[in-house]
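K.L.:
Let me give you the structure first, and then I'll get to my questions.
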Amino acid sequence: MGLAELRKEVSLSADRQVREINKSADNEAKAILAQAQVQADKLLAQSLEQAKALAKDEERKISSAHLHARKIVAQARDEMISSSISLAREKLVAEAQKQSPAYKNLFERLAKSGVKEFGPKSVISCLKQDAALAKEHADSVKAIDCSGGLVISSSDGKIQLDYTFDSILDENREQFKQIAFNQLFSGKEGKKARLDDGAGGQDGDEAVEKTAKHSPHAQKPVSKAHFGSVKKK
């Protein structure tokens, strides 16, 4: 083999080796890139899952915070309504104690309603100071400890109608709660009521009249089926 042929052979051999090396390197590079892509896809998927989990967690936290805030507002509102009703009750009791004109008027209306149901032999039980008012409607009068108002019994004592303020307020509590809510949070003529007005800003006579207005006892003739406070013995 001559020198020229030897050189050519060496050159061809070197060229083949270079091509093989390049091909091997290219395949290795592709394999590395493919593996890197797989890892990148896994990392991206993991990142997306983590982001979704964090978003859901934040959403739950926000929802929980809103719910907690609503509970706080509702609780504060209920406390204000209960306080308003308690204040109204205190005013009613105060009016009963001083026998205001509005209280006397309500007492007479309740007494007439009960006596109409049981007749002139009805027994009226009331505060000791209201005995004179009661005797205008019934011969038999008994003194009891109550918030105001009266209890009327049949002559044999088997049926009683409880017209005391506590009974009226208890029977119509949901209705009075709605009244208090409207006064505290809706106001008159569509305007928001001032919260420092107490029980709607009403004085004692207004409290008595409102009790009479919203009490079925004082609005219509007594019916045994109408009242939850009817007691049979």
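K.L.:
Provide a single number: the residues in region 180-189 that are surrounded by 13 or more Cβ atoms within 10 Å (Cβ to Cβ), over 15 Å from the mean Cα position of the chain (by Cα) and either at pLDDT 80 or above or not in a loop (DSSP other than H, G, I, E, B) (or both). So that I can check it myself, show each step before the final result.
P.N.:
Quick first cut of region 180-189, residues surrounded by 13 or more Cβ atoms within 10 Å (Cβ to Cβ) only: 180-185, 187.
Within this subset, residues satisfying the condition of being over 15 Å from the mean Cα position of the chain (by Cα) are 183, 187.
Retained after the next criterion (residues that are either at pLDDT 80 or above or not in a loop (DSSP other than H, G, I, E, B) (or both)): 183.
Residues that pass the stated criteria total 1.
K.L.:
Out of Asp78, Asp15, which single residue is surrounded by 10 or more Cβ atoms within 10 Å (Cβ to Cβ), in a helix (DSSP H, G or I), out of contact with any Leu (no Cβ under 6 Å at 6 or more places or on another chain) and modelled with pLDDT under 70?
P.N.:
Details: Asp78 fails: modelled with pLDDT under 70.
Answer to the selection: Asp15.
K.L.:
Okay, next question. Can you pull out the residues in region 118-176 that are of a type in the set (Lys, Arg) and either surrounded by 20 or more Cβ atoms within 10 Å (Cβ to Cβ) or more than 23 Å from Leu92 (Cα to Cα) (or both)?
P.N.:
Lys121, Lys158 - these are the residues of region 118-176 that are of a type in the set (Lys, Arg) and either surrounded by 20 or more Cβ atoms within 10 Å (Cβ to Cβ) or more than 23 Å from Leu92 (Cα to Cα) (or both).
K.L.:
Also, I was wondering about something else. Going residue by residue through region 155-171, is there one that turns out to be within 27 Å of Glu79 (Cβ to Cβ), in a loop (DSSP other than H, G, I, E, B) and of a type outside the set (D, E, K, R)? If you could, list the steps in order and put the result at the bottom.
P.N.:
Residues of region 155-171 within 27 Å of Glu79 (Cβ to Cβ): 164-171.
Now drop any that are not in a loop (DSSP other than H, G, I, E, B), which leaves 164.
Add one more test, that the residue is of a type outside the set (D, E, K, R), and what stays is 164.
Yes; the residues of region 155-171 include at least one that is within 27 Å of Glu79 (Cβ to Cβ), in a loop (DSSP other than H, G, I, E, B) and of a type outside the set (D, E, K, R).
The values are calculated or read from the model by the stated rules, or taken from the named source; none is laboratory data. Quantities reported herein were computed from a predicted structural model and do not represent experimental measurements. Neighbour counts are summed over all protein chains in view; Cβ atoms, including those assigned to glycine, are modelled from backbone coordinates with ideal geometry.
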